[in-house]
Each structure stands twice: as structure tokens, then as C-alpha cells.
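Just below is one structure, and these are the notes that go with it.
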Amino acid sequence: MIPFAIVAGISLLYFGILFGVAFWADQRRQAGRSITSNPYLYALSLNVFLSAWTFYGAVGRAASQGIDFLALFLGPSLMALTWWLLLRKMVRASKEQRLVSIADFLASRYGKSAAIGIAVTGFCIVATLPFIAIQLRAIATTFEMLSTPPVVSPQHLLDLFHTFDLLSIPAEQIAKAPVAVSPTLPSYIDSSLIIALLLGVFCVLFGARHLDASERHEGLIAAVALESLVKLGAFLALGLFVTFGLFDGFGDLAGRFLRQLPEKSHLLSLPTEAISYCQWFSLMVIGMLAVHCLPGQFHLMVTENSQERHIRTAMWMFPAYMLLFNLFVVPIALAGLIFYGGSAVPPDYFVLRIPMDHGSRWLTMAVFLGGISASAGMVMVTSVALSTMILNNLVVPAILKIRSGAASLSTFFINTKRAAIFAVILGGYFYNTAISDSLGLIHIVLISFIGAAQFAPALIGGLLWDKVSRKAVLAGMAIGFAVWGYTLLLPSLVDSGWLSGNLLDKGPWGLSCLHPRALFGLSGLDIWSHALFWSLLLNVGVFLATSLFTEVTSWEQEQIQKFVHVLAPAEAPSGLKILSRAPSVREFTELMTKFIGEERAQSAINDYLKGKAIDHRGSLADHEIPALKRFTEKTLAGSVGSAPARIIIDNYLAARGSEMQDVFDIFGNVTLSRNASREQLSVLYEAARVVASGKDLQTIFDDILSLLEQQFMLDLCLIRIFDPAQNVLVVCSQIGAAQGPLLTAKQQLSDQTFVSETFRTNEAVVINDAETVVNPVSARIIQREGIKSMAHAPIVIEGRPIGVLSAFSRTVKGIFTEEFVEFFKTLAGQVGVAWRNAQQTEKLILAKEQQKELEIAKRIQLSLLPATLPEFKGLSLAGSCEAASQVGGDYYDLLKNDEQTVDILIADVSGHNIGAALIMAETRTFIHALARTFAGPAGILHALNRFFHRDLSKAELFITLFYLRLNVQTRHFSYASAGHNPPLLYRAGSQKCQALDAEGLILGIKEEVAFEEKGDALFPGDLLLLYTDGIIEAGNEEQELFGEPRLRIFLKEHRNTPAADLAPKLMKTVRRFSGQENFEDDVTLMIIKAEN
Amino acid sequence: MKRSQPPAYPAIWPLALAGGVVLLNFPFLEVFSGPSPMPGFSPLLFHIFLLWGLLIGVAFLVAGRLDSNHSNRGEEPEGTPRRKGRP
């Protein structure tokens, strides 16, 4: 026996060490040198699974029932072989979606179903209470065993102190020593309650200091890993002491046991009266399922996993630890039976009683501390996991629904989580007091294990099968838990005297077919096999049937990819733009630079590229790009978290070359990202998606403000856009109510308000304590609206403000930190991008409308040109006109005056717009109406110039025109030119080109102009080409013009080509020369060929 | 470009899992439930612990053969062809 003070002191000292280790681990993490990101520590922490039910209960079970407890460890050992598939899927899906508990996991898997989250949380609480209860019971019982009796004799105390060498008391003082020196707790104080509270404090300190549950609890994990070492060390020390200290090895121990207690030899064999093969198999299955489904175990395996490769170590180290631990369970149990076979010492506590009675006190204390480690570790982990589930799945949804007006919800949430930790532990405490002491530890823990196993179909099925629906999971779990409660939980309460014993005697209302331990008449099974069979059969049956007959919703369908196929290589999401060009290393580096800085990005990419080949463009081979993408994502995840990193990469790849690229460029301008919280990044990326969604501007504005308001609990958010017509800032979008019109009224730029100041100065304005505002205009608004703090950021496009983004809080002062302001400015930038996109879209629509009108104009203009040219004996004619834009100013025409004469003209109005086209149409009208009334070409040009002079001067346009009147019989012609390019006449006789030049000024320059008229004649084989300057001024890449000489050569080379073919050939030649399909200027020509 | 994935998870694990379940249950356990050939020696416990140890050995081998690159997302998968030459 050890005095209470010493036991309590050493226990507190041990907790102090755990506290110190946890604190140290947290400090290391904050310094960026994590100690728990280690495969061995990860594997050690998983052995929290071996809690009090193993440390004490396994020996008790071996001594009372036999070796069936081993099946509970063989099951998890077998399942560890699957971890690279199953556990890795869980870890990756959780990391990618920031899932922090089994409730989050299942809710997210099945379409982010709140109902599943609530159900799993509720079931976990009920199923886990017995589990926590036995941990508290073990600590309290061993504490009382070790520290009693409370009153000791002085000699006893002296011996004890000498044993620990804590002090030496002179013999003469022994008589003076007090009779009762060991302080004990008053009877009305329960030691298990104190232990529960102590554990609660520890959990709050290391499991609920921050609100972000996705953050790994490194301190807690370090403490749990240390506890795993302590409990294994203590148990092995005891096992070795018993086997080789108290006995001469395993053979001697077993031999003495069989000689002394031959009637208990069945404890070493299978099957026995107490253990059937069926029970053995059931326990194995229970162990297989429970190790994945217990909320605390899931938390350690999945949430606290820092790297997937740690799973590889855990696959062999976790079962190896269990094997090592179990080596001495049977020897200790046999020794306990030899020593206390017929006594009242409960077998569950042989582990502590043997060293107390036969060993040293140091060993006793070590075993006691090992027991505390086993129990406390599981209580801590489970309570933290459950509190997170309660907060995320019960409290937060409820609070968000009623939308509390509390000043700071984060404080409320963290306090709720802390309260939940205490509630969970105290729940276990009350369950412990409610159930019978006669139930063994393993008996109680099996109730929890089978309860947790009800999650297995949803959990494992959800990772492997894509047909599972939310309804199937809810229905399966509901019936599974109902059967579990009926067949196990209820009977345990009956056994403890809380309910009438009739239920277990005859069944409810005397219906034996509904007997909880022989449901539907199934008798002959042990209670574990019975409960497991019925609960899982109905659970899985309903689960499968409902899955087969119900459809998964689109939400669930979306989630299936993220869970069932989470390990599949990432492919480009459907609907996103397919990359026509693989991203280069430089692009990934620049993306990383925006978030982690140039130095780190360069360093990371350099390390990555070692041993890899890149081409001259800085790109890797195509097959290397997915790996580079994952590397970039992983590097970013180190700074911004895994989920935002994934979003960044996906969005970036989807955005390359699109409008979204602007959104990402914003991040380059503002170096906020490393300091930004995940909530802020989340809003920015959601906003980026909204901007790129293609919705109308009003919806985009509203959606962005909703995101802002919901994430940061702001009371009023506004977007104002400057209206240059009225010179005011107008509210375009508003979320949250204003008390009066003052906040939402139009703001004159001259107003002395913070909004106007923000716009004028193009700088953000932040007021964190509105009471300090002295400006009378603003102070009046602030007072009337009850504003506590506000922030305004200019909405800027290319350095120019176009509006103001504002946020107001009526409840909290000082919420707009520097970090928030940077985020706020970036968000304002996104609003600006949305506005600019909308403006561009509007212009585009306008341009399209204009384009449509121009198309119509073009069709009309083309109709003004001669559709066909008349045929004359001995002459062939051809014409062509191509406008540089939809409408042009070129024009050619042919007017048949009588049977002998025909007028041929070509004109070029300056410009290629509607104005030029109108002038061209007007010219045509004039010529068609009056050409016949004038004697010759010079007269017509003179009349034309007089008629158009005023109009052309006003329109700042002019016309060049060549007019030719041809006698088709004599082939004589007269001509005049108004500054037009001289047509070329190829003479077949001389085989030379002659320019038809005549004096004359461009139309529209002067009112009175004299036009020279000349005459000539066509001879057989002659070729006359009328053309506009678009042909000879066509340029190529070397800035050369096609020019008149090339035109002459062309005519000479093609003198024998029919006129109809000559026009397209000339066009083709000019195109080939310029190297362009479209002409820069309008191109028109007319060809008259005198046949031989 | 979509490539077929190399076999990253040695195929022995399902065999070991199935074999473990079979060998650690009825009727196989019945073979070792008979009387002990020597006093103080339990063939059943020996069988269970030996098989348990073998399973751990298999898990160790499986874990060792898993390509470490596959466990770390962002690194190059096993079997990715490499180009020779300078980076």
C-alpha cells in the first residue's frame, strides 16, 4: 500500500510530465519543427486503442473466460493489411475536404448531409459513453486499491518511505509520528469524479485551445504517444517480473498453474463452455470494425495523420505493438489465478495486485502509471473527437440557423467545445456509476465496440461502392443502432438493476420472441455474437436494399468522386477548359511565388527538378506535369492548407487564358496570402468562382457580399459604383439591413464621408472604433446606425477607382485587422474585375449589334454594284469589289447609255465606314440619274464635284473617280479623272502598258474644278484595267508595296487570260504578295478586254 | 495524358488477410486445441502468436515494397519514365 498523498502526488507529477511534453510539442510545431510528424509516433499514438480494457481487462478476461480476448487484437491486426487502401482513402479524402471527425466524414461522403452528421454524432455519444466509463472506472479503482488503507501505522509509513528513499525518519521519532498521516478524500467526494475533471482540464488545454479543428493537436498526440510507451513499458516490466522473477519462465508458470488449478486448464484452449468458435469469430469481426469506427480511433488515424506514408509504418508497427503487449497477458493471468484463485480479488486488477503483493513499490507505481496512461489517453482523444463532432454537427448548425447576435461567435464556439469535452467525460462518469461493478471491463467495452461497428457499412461501403445513398446509410444506421441498444445496452442496464429483470427473463410483455438476448427466437449464441449478428445483418441488409432501390442525388454523386475514387489520378474536371498547352514549370513557380514568396518557391522547384529534364521552353514532358501539379499543390498546402491549395491549383489550371486569370493576377498584386486565414482564402476563391461564373453583374455583386457577410458575421456590406453622369457613388448591391437611408444614400464625391474619401484618395479606410470619429457628418451616420466598426476599400481597375466596397459591424469593435484589410482590398479587386468583365461584355454585345447592322449595310452596298455586266461584241468585261471591312467606299459601275455608248467608272471614297458607304450610294444615285444629261466624262465630273462639294467638306470625305465613255462599236473612248489612279492600258501591238492619266482634282476639295477630258481607242488584244489604290498599296511583311510596276508585269503576263478569269487571278496574286487573306484597304477593279 | 498506374500495393495483402482469417478460426484452430505434447506448452497459443507474427512480417514486407513516392502526393509515381540528361 502506498499513501494517498504519494499516489496522488506521483499521479499529478506524471500528468505534469505529460503536460510538459504536450506543451513542448506544441511549441515545436509553432516553430515549424514538428516532432509528431513522424511515422513511429503516429503508429504509437494509434495504440491508444489498447486502453484500460486491455491493460487491466485483458488479464481479467483471460483469467475468467479464457483467451478469446486475443481475437479482439487479431481482428485489427488483420485489418491493418488493408490500410494502404482503406485508411489512405480516408486520410486523403479527409485532408482534401478538411474533415475532422467520423461524423464529418460520413456526412460529407453522403452529399454533405446534415442529418447524417447529427445521427452519427448522436450515436457516437451513446456508443462511446460505456467506453469512457471503463477508463474512469479503471483509474478510480486502481487509485483506491493502491492508496488504501487511508490510515496506516507509523512503522508501515516508515517502511514505505524508506522503500522510496524519500526521507529517513530517525527511530526515536517514530513514536512521535502521527497515527493517521495519509490525507484521504472525504467520503462524499468521488475520486473518479476528480480524475474525470482533471482529464477534462488536460483535454481543454491541449485539445480545445483553438477553434480550428482541422489543425492537428500535436501536443495531445505527443502525450498520447508517450503514454503508449509508458503503458507498454510498464506491462512488459510486469510480465517479465512475473514470468521470470516470480516463476522460472513460461513453462514453469504454466506447469504450476496446471498442477495447482487443473480445473481451470480450459482457459488455455478453445472452445470452452464460455467461449465458442462463434464468439471467437465475432470478437475478431468486432475488433476489425471497431478499430476504424471508434470516434477517438478515427480521429487519431485520420485527422491526426500528417503524411500518408506514415500509414506504411503503422501497418506493421500497430499489430507488432499489440503482439508484444499480449505476450504477457496470459502469464500474468495465470499468475494471478495461482496467487488469488479463490480470493475476492477481481481478475481485472491482477495486473496491479501482483506487484503490490509480490513486487517492489516502484514496479507497482509504474504499473499504476501504465494503467493511467492506458485509460487517460483514450479518454482524452475520445472526448476531443466527440466535442468536435458535437460542435460541428449539433451546435454550429443550430447557431447559424438562429443567427445569434453574439458579439463574438468564435468565443462562444470554443467555450462550447470545452463544455462538450467536460460533458462527454462526465457522461462517462455517470454511466460508470449507473452500471454494475460486476460487469468486467471487456464486457462493457464490447458494448461500445459493437455500437461503433454500426458505422462500418457506411464507412467502408462508402469508400468502395458508388451506389450507396444517403437514405441507405441513415436507414441502415438507425436500425443497426436500435438493435444494438435493444440487445446490448438495455440488458446491461437491466443487469445493473436500472430496469426490471422481467425483460431478460421472459422478454418484453412476455413475448419470448422479442427477448433481447434471443431475438426472433435465435438462442444458443453468446450475447456478443447475437447482438453483432442481428444488428449488422439488419444494418447491412437495409443499407444494401435501400442503396439498390434509391438513386443517389447529384450532391452525393459529386462526393462519390472525392471518396470512392479519391486515390485515382486526378483528371481534368469535366466542363473545364481543356488545356491546349501544358503549363510550364515557370507558370507553376509563379503561382507558388504568389503564395509562398519567390525564394521559397524557387528553392522548392529547384529541389523538385533535380534529375528531371526540361525543354527549351521551360516545360517538362507531358507525363511529368501531373506530378508537378501534385508537387505544387502539396507545397501550397503547407502554407494555405490542403483544401485551399487544391482549389488554387484546379482553378488556376481551369483559368489559364480565360477571364479567371485576372482574378489570380490579383493575388500577385497583393501579398496577403501567407497571412490570410483559411476563411479569407475560402471567400476569395469562392468569389473568384462567382466572378468567373458568367452570371449577370448584379448576381455576382450580391453573391460576393453574401460570402463576405456569412463568413465574417458582418451586419451590412455594400458595393457602390461611381456614376460619372451624376458624379455620385450609387449603391449597386447591399446585404444586411440599414437602419435608415443614410448609409445607402448616393454619396456625392464632395461629401465629407469615409466612402467619398476612400474613392477620392484611392486608399482603404478602416475605422475600428467608430466612437473615435470626429467628423460631424460621419459621426451622425455612425450614431444613428449604431455602427461599431467599418472598412471601405476602393474598387480599382487599372489604378483607377470605379467604386467602393464597404463592410459594417454593429456589434464588434476592432475586427478589421491589417490582415483583414489586405484581404478586403483583394476582394474589392475581384469586384472590380467583375465590373470590368460586365463592361466588356456590354461593349461586346453592342459591337455585335453594330456588326449585325454593318452586315446589313454591306449587303445593301453589294446590291448597288452591277450584278452582271452587259456583253458587247468584241469586248469582254469583268469587275470585282472587296471591302476591307463590312462596308467600304469603293465603287464601280457600268451604265449603258444607248446601243453604242457605255459609261464605265470606278471611284474610291475615303474611309471604310458607314459614311463612306453613304457617299458612295449618293454618288451612284447622282450618276444614274444625271449621267446621260452631260456631254462627256469631264462634264459629269464637274457636275458631281459641284453637287458633292458641300457634303464632302462637312463629312471631311473626298472621292477619287475615273470616268470613261466607250463606243462599243468603234472602240473609241473618252475619259476624265478626279484624282484617281490612272488606269493601265496594255497595248497588244506594242506589248507595253500605258497609263490613262488626265488632269483633275479630287472631288470635294474645291467647288470649281476644271477636269481634263482625253480620248483614245482600244485595239484588238488591248487590255484596260481600272483599279483602286487598294491593289497597288497592298504591302507585304517587308513593308514593300505591290506597286504599279508589278501590276504592269501582271497584265503583260496575263494578256491572253480571259477577262472573267483575270480579276480573280489578280486578287489572288495581290493576296499572295501581301501574305494576308484580307486586304487592308478596299480593293476594286474593272477589266475591259478588246478581243482579237 | 492518362497512363495506367503501376501496381503500387503488392497483391499479397488480400491473400494474407484471407489466409489469416481462415487460419485463425474454426476449423483450423481445432487442429491445435488438442492435448499439449509437453507440460506447460500450449500449441493453440503458439499457433496464434506464430501466425500473428507472420502476419506482421507480411505487413512489414508489404509496407516496405510500397513505393514511397506513391505515399507522398506531389512526388513522382512509380514507373514514371525519366529522361536522361541535365535538368
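What follows is calculated from the coordinates using simple rules that are stated; it is not laboratory data. Please read all numbers here as calculations on a predicted model, not as lab measurements. Glycine gets a Cβ as well: all are built from the backbone with ideal geometry, and neighbour counts include every protein chain shown.
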Peptides ranked, highest mean first, by Cβ atoms within 10 Å: ranges A:474-480, A:1068-1074: A:474-480, A:1068-1074
All alpha-carbon distances of region A:25-64, grouped into 5 Å bins from 0, give the whole-percent distribution 6, 20, 14, 15, 12, 11, 8, 6, 4, 2, 0
Would you list which lysines come within 18 Å of A:Lys610, measuring only between C-alpha atoms, while excluding same-chain residues fewer than 8 positions from it? A:Lys629, A:Lys634, B:Lys84
What is region A:869-1090's relative contact order, in percent, from Cα pairs under 8 angstrom and six or more apart in sequence? 26 percent
Using only atoms on other chains, find how many Cβ atoms lie within 10 Å of each Cβ of peptide A:275-283 and report the average. 2
Using only Cα atoms and rounding to the nearest 10 degrees, what angle (0 to 90) does helix A:470-484 make with the longest principal axis of chain A? 0 degrees
Counting each DSSP H run of 4 or more residues in chain A as -39500 (n - 2.57), what helix-only mean residue ellipticity at 222 nm follows after dividing by all residues, to the nearest 500 deg cm²/dmol? -18000 deg cm²/dmol
Chymotrypsin sites (Phe, Trp or Tyr not before Pro) restricted to DSSP loop in region A:1-83 with at most 10 other C-beta within 10 Å: none
Burial ordering of A:Cys732, A:Cys203, A:Cys124, A:Cys513, fewest other beta-carbon atoms within 10 Å first: A:Cys513, A:Cys732, A:Cys203, A:Cys124
³J(HN,Hα), Karplus 6.51/-1.76/1.60, whole Hz, each residue of region A:344-350, x for Gly, Pro: 8, 5, x, x, 4, 10, 3
In region A:869-1090, if every C-alpha pair distance is counted and binned at 5 Å from zero, what percent goes to each bin? 1, 7, 15, 19, 21, 17, 12, 6, 1, 0
In bins 10 Å wide, starting from 0, what share of all Cα pairs of chain A does each bin hold, as a percent? 2, 8, 13, 14, 12, 11, 10, 8, 6, 5, 4, 4, 3, 1, 0, 0
How big is the dipole moment of region A:1-144 about its Cα centre under a simple scheme where the beta carbon of each Lys and Arg is +1, that of each Asp and Glu is -1, and everything else is neutral? Debye, nearest 20, please. 620 debye
What are the extents of the Cα atoms of region A:659-840 along their three principal axes, listed from largest to smallest and rounded to whole Å? 43, 38, 26
Projected onto the charge dipole of chain A (unit charges on the beta-carbon of Lys, Arg, Asp and Glu, signs +1, +1, -1, -1), the Cα from A:Leu1041, A:Ala838, A:Phe413 with the largest positive-side position is that of A:Phe413
Find, among the GluC sites (Glu not before Pro) in region A:918-1016, those assigned to loop by DSSP (not H, G, I, E, B) with at most 16 other beta-carbon atoms within 10 angstrom. A:Glu956, A:Glu999, A:Glu1007, A:Glu1008, A:Glu1012
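Could you tell me which of the pairs A:Lys467/A:Lys562; A:Lys112/A:Lys471; A:Lys858/A:Lys1065; A:Lys873/A:Lys1089 are separated by over 20 angstrom between their Cα atoms in the structure shown?
A:Lys858/A:Lys1065
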In degrees rounded to 10, the 0-90 angle between helix A:678-691 Cα long axis and the longest Cα principal axis of chain A is 30 degrees
In sequence order, calculated HN-Hα J values of region A:824-834 (Karplus, 6.51, -1.76, 1.60; Hz; x Gly/Pro): 5, 5, 5, 4, 4, x, 5, 4, x, 4, 4
Roughly how many whole Å is it from the C-alpha centroid of region A:893-945 to that of region A:328-373? 122 Å
Just to confirm the number: angle between the C-alpha axis of helix A:776-785 and the first principal axis of chain A, 0 to 90 degrees, nearest 10? 50 degrees
How long are the three semi-axes of the equivalent ellipsoid for region A:985-1092, computed from the Cα gyration tensor as the root of 5 times each eigenvalue, in whole Å, largest first? 24, 22, 11
Using only atoms on other chains, find how many Cβ atoms lie within 10 Å of each Cβ of peptide A:312-322 and report the average. 5
For A:Gly359, other-chain or 5+-apart residues with amide H closer than 5 Å (H placed, Pro excluded) are none
If the cut-off is a Cα-Cα distance under 18 Å, which aspartates and glutamates reach A:Lys612, setting aside same-chain residues fewer than 8 apart in sequence? A:Glu587, A:Asp622, A:Glu624, B:Glu75, B:Glu76, B:Glu78
Order of A:Glu558, A:Glu1033 from fewest to most other C-beta atoms within 10 Å? A:Glu558, A:Glu1033
Find which of A:Phe973, A:Ile904, A:Tyr963 sits farthest along the positive direction of the dipole of region A:869-1090, computed with +1 on the beta-carbon of Lys and Arg, -1 on that of Asp and Glu, about the Cα centre. A:Phe973
Counting only other chains, what is the mean number of Cβ atoms within 10 angstrom of the Cβ of each residue in peptide A:72-81? 5
Averaging the inverse of every distinct alpha carbon separation and then flipping it gives the Kirkwood radius. What is it for region A:75-114, in angstrom units? 10.9 Å
